[in-house]
Amino acid sequence: MKRPAAHKYSAKATPCGFCPKPHPSRREARRCADLHILQRAGEIDALVVGPRFFFEVNGQPLIHDNGRRAVYTPDWRYRRVRDNRQVVEDTKGMRVRDWPLRKALFRACYPDIEVIES
C-alpha cells in the first residue's frame, strides 16, 4: 500500500474534534476548535470552514492562463456578533510567496470583509 506524500511544510494532519475531516496542521486544528467554542459561547456565528471567494474586476472574473478562475479559500469565514462584522481568517505557519498579492486582491474585491491572519 502506498503511503501518502509528506506535507510540503512538514505539517501533520490533525482533527479538531468538530469537523469531519482533519485539518492540514495542528495549528489550524487548534484554531478551528477555538472558533467552534466561540460559536457555542455566542461570540461568533455562521462559521464556515473553507469558504471560496472568486475574484472579479469590473464585473468580470479573473481567469488564469489555464482557464481556471482566480479564487481565495481562507480557512474560515464567520460573523463577529459584537460588531456584526464578517471576518475571514487564515492560519499561516509559513507565509507563501503569493499571499500578499492574494490578500490585497481580496481586500479590493471584498472591502466589507475583515481579513485576519493567525
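Please treat every number below as a calculation from the coordinates, not as lab data. Treat the numbers as computed from the prediction; the structure is a model and nothing was measured. Virtual Cβ from ideal backbone geometry, glycine too; neighbours counted across all protein chains shown.
The phi-based Karplus calculation (6.51 cos²θ - 1.76 cosθ + 1.60; θ = phi - 60°) puts the 3J(HN,Hα) values of region 57-72 at 10, 6, x, 9, x, 7, 10, 5, 4, 7, x, 7, 6, 6, 9, 10 Hz, whole numbers, x for Gly and Pro.
Rounded to the nearest 500, what is the chain's calculated 222 nm mean residue ellipticity when only DSSP H runs of at least 4 contribute -39500 (n - 2.57) each, over all residues? Mean residue ellipticity at 222 nm (helix-derived): -7500 deg cm²/dmol. If you run the Gaussian network model on the chain, springs between alpha carbon atoms under 10 Å, then out of Arg107, Arg95, Arg30 the most flexible one is Arg95. Computing log10 I(q)/I(0) by the Debye sum over Cα atoms at q = 0.12 Å⁻¹ directly from the structure and comparing it against [x] -0.48; [y] -0.52; [z] -0.39 singles out [y].
Computed from phi, the 3J(HN,Hα) profile of region 42-55 under the Karplus parametrisation 6.51, -1.76, 1.60 (θ = phi - 60°) reads x, 7, 9, 8, 6, 5, 10, 8, x, x, 10, 10, 9, 8 Hz, with x in place of Gly and Pro.
Applying the Karplus relation 6.51 cos²θ - 1.76 cosθ + 1.60 with θ = phi - 60° to region 74-88 yields 3J(HN,Hα) values of x, 6, 8, 10, 7, 10, 7, 5, 4, 10, 6, 9, 6, 9, 10 Hz, where x marks Gly and Pro.
Summarising the strand pairing of region 51-117, around 70 percent of its internal DSSP beta bridges are antiparallel.
Taking Asp65, Asp45, Asp75 as the candidate residues, the one with maximal mean-square fluctuation in a Gaussian network model of the chain, Cα springs under 10 Å, is Asp65.
Can you say what percent of the DSSP beta bridges in the chain, counting only those with both residues inside, are antiparallel? Round to 5. The answer is about 80 percent antiparallel. Across region 18-54, the residues whose backbone nitrogen lies under 13 Å from the label position 7 Å along the beta-carbon direction of Arg80 are 43-45. Dipole magnitude for the chain: about 600 debye, using +1 per Lys or Arg Cβ and -1 per Asp or Glu Cβ, origin at the Cα centre.
Remark: the Ala13-Ala70 segment gains 17.9 nm on full extension, using 0.36 nm per residue and subtracting the alpha carbon distance. Is the shape of region 51-117 best called rounded, prolate or oblate, per the rule: a/c under 1.5 gives rounded, else a/b larger than b/c gives prolate, else oblate, with a ≥ b ≥ c the square roots of the Cα gyration tensor eigenvalues? Note, shape of region 51-117 comes out oblate.
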